[in-house]
Amino acid sequence: MENLLGIHHVTAITSSAERIYEFFTYILGMRLVKKTINQDDIHTYHLFFADDVGSPGTDITFFDFNGAPKKVEGINEIARTSFRVPSDEALEYWIKRFNKYEVKHEEIIELFGKKVIFFEDFDEQKYALFSDENNTGVPSGIPWKKGPIPDEFAITGLGPIFLRINNLDLMDKVLVEGLFMRKKTSAGNLHLYEMGDGGNGASVILEVVDSNERGIQGYGAVHHVAFRVKDEEVLRTWIKYIGLLGLPHSGFVDRFYFKSLYTRMYPGILFEFATDGPGFIDDEEDYEILGETLTLPPRFREQREYIEKLVRSIDTVRSNKVFEKEYL
């Protein structure tokens, strides 16, 4: 069994596709690399924000389910998504940027030997920025070259994923015995696990709380987290393995941009396993116009006219714009 390589992507829920596009593009400086539909609910946008080329391990994606209520925070949920920046100096830049754009944030702290900032968006979706200053392990991605953030401060990929749980013994068994991760260390009620080559791009942090109040998904919540596998062959070994464990799962799912498997190994938390390829540069969009058109996997393309009537138009054209790198 080949080990998981790291975090592949995180998928969250937003109250507004338009506002999340503005937030990630103009404030966080991440590149929209794909504007498509939720393949299980074609009434819903699926937006992918990533590094310059849409590398695996760099993207956070959003659904904008119509009429979704606001989340209720609780236990047994994916509680916070984090991103990687190159250095401690970059975090100082982000404090100034968050102040300028009135993004709610906390001050810089140290967590497991890394400098970190906690912040949130307009939906109270929880995020963090992790400095790669003292990081080793899985390499990060490429800053969005034409975005507004100077390359030396820009977000380059996903960092540790936070899970808030109330049963450490069970989740430890899931991560170590089930998914072959390694427990690295603990600090208070926080517990750090790594997979693959480790480091910020391959870490899970468990926040253990004494509560029985279950979280309820809605906008501002994370829908699922995906872990990286090399290719379809490795994915199929994981499908067989999850089946042998007796766990319910989705089986093989072709998402066109990657191949997937979904399963719940712990109550309330959805894990996906996703292949590194083929990626977001495809037959519909080349590098220059990633995320600027409504793209559809082949099986939906005959329905394009109908789908375009279902989802409102959002202007995401950036190839005709020049972003000045914003030094603060």
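The values are calculated or read from the model by the stated rules, or taken from the named source; none is laboratory data. Remember, it's a predicted structure, so these values are computed and weren't measured experimentally. Backbone-built Cβ (ideal geometry, glycine too); neighbour counts: all protein chains shown.
A few comments on the model shown:
- Applying the criterion of being among the polar types (S, T, N, Q) and under 20 Å from ARG304 (Cα atoms) to the residues of the stretch 32-65, the residue that is surrounded by the most Cβ atoms within 10 Å (Cβ to Cβ) is THR36.
- Close pairs from the stretch 93-117: first in a loop (DSSP other than H, G, I, E, B), partner at pLDDT below 95, Cβ under 7 Å, at least 6 apart: GLY113/ASN134
- Any pair with Cβ under 9 angstrom, 6 or more apart, that starts in the stretch 301-328 at a residue that is within 18 Å of PHE24 (Cα to Cα) and ends at one that is β-branched (Val, Ile, Thr) and assigned to a loop (DSSP other than H, G, I, E, B): THR316/THR293; VAL317/THR293; PHE323/ILE149; LYS325/ILE149; GLU326/ILE149
- Residue within the stretch 47-65 that is more than 18 Å from ASN200 (Cα to Cα), of a type outside the set (Asp, Glu) and part of a helix (DSSP H, G or I) present: no
- Among the strands (runs of 3 or more DSSP E) confined to the stretch 217-325, the ones with at least 3 residues that are modelled with pLDDT of 95 or more and more than 18 Å from VAL174 (Cα to Cα) are located at 258-266, 269-278.
- Residues within the stretch 83-94 that are in contact with a strand residue (DSSP E or B) (Cβ under 9 Å, 6 or more places away or on another chain) and surrounded by fewer than 19 Cβ atoms within 10 Å (Cβ to Cβ), tallied: 3
- Which numbered condition PHE130 fails, given (1) under 19 Å from the mean Cα position of the chain (by Cα); (2) part of a loop (DSSP other than H, G, I, E, B): (2)
- The C-beta contact set for the stretch 1-27 (first residue at pLDDT below 95 and assigned to a loop (DSSP other than H, G, I, E, B), second residue of a type in the set (S, T, N, Q) and surrounded by fewer than 22 Cβ atoms within 10 Å (Cβ to Cβ), distance under 9 angstrom, 6+ apart or interchain) comprises MET1/THR237; GLU2/THR237.
- Filtered by the rule that a residue be polar (S, T, N, Q) and either surrounded by fewer than 17 Cβ atoms within 10 Å (Cβ to Cβ) or farther than 15 Å from GLU124 by Cα (or both), the stretch 66-82 gives ASN66, ASN76.
- Among the conditions (1) buried (at least 22 other Cβ atoms within 10 Å of the Cβ); (2) assigned to a strand (DSSP E or B); (3) more than 19 Å from the chain's Cα centre (by Cα), LYS183 misses just one, which is (1).
- Yes/no for ASP210 being more than 22 Å from ASP40 (Cα to Cα) and part of a loop (DSSP other than H, G, I, E, B): yes
- Some residue of the stretch 70-91 being in a loop (DSSP other than H, G, I, E, B), among the charged types (D, E, K, R), within 19 Å of LEU163 (Cα to Cα) and under 21 Å from the mean Cα position of the chain (by Cα): yes
- From the list LEU247, LEU294, the lone residue that is farther than 26 Å from PHE153 by Cα, touching a helix residue (DSSP H, G or I) at 6+ places or on another chain (Cβ under 9 Å) and without any contact (Cβ under 8 Å) to a residue 40 or more places away in the chain is LEU247.
- Residue in the stretch 229-239 that is among the aliphatic types (A, V, I, L, M) and over 21 Å from PRO56 (Cα atoms) present: no
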